[in-house]
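Below is one structure, written out as structure tokens; comments come after it.
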Amino acid sequence: MDSQATVSQADIERLSDKDKADLRQVLAKEEQRNFVQQQSHTFTEICWKKCITSNIKSNVLDSSEGNCLANCVERFFDVTITTQKHLSAMRNQAGH
């Protein structure tokens, strides 16, 4: 039995305007969650390649590698937040 439900365009068209708006909001939140999760994976991979320079022989990173990882990820999040604020401002200006 297929556990995924299929929703047709006709099913969506039968929804009330409020339900359509609610559905759009749920889908936007899910898309945002997926984006953040993908960004996290990307940052982890990039920062790992940049910061981990030795062979890991225990379950503890070298302190310089740990600091590098933390700083690397923080910088990526700073850039992402700044970019999102800028894009939001541009959208708001375009909407007026």
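Once you put a point 7 Å from the Cα of LEU15 and another 7 Å from the Cα of GLU45, both along the Cβ direction, what distance in nm separates them?
Roughly 3.2 nm, to one decimal.
Could you give the C-alpha radius of gyration of region 14-95 expressed as a fraction of 2.2 N^0.38 Å, taking N as the number of residues it contains?
Normalised Cα radius of gyration, region 14-95: 1.62.
Along the charge dipole of the chain, which of VAL36, CYS68, LEU15 sits closest to the positive end, that is, farthest toward it, with unit charges on the beta carbon of Lys, Arg, Asp and Glu (+1, +1, -1, -1)?
So the residue furthest toward the plus end is CYS68.
Computed from the coordinates by the stated procedures, all read-outs in this text should not be read as laboratory data. A quick note: this is a predicted structure, and the numbers were derived from the prediction, not measured. Methodologically, a virtual Cβ is constructed for each residue, glycine included, from the backbone with ideal geometry; neighbour enumeration extends over all protein chains shown.
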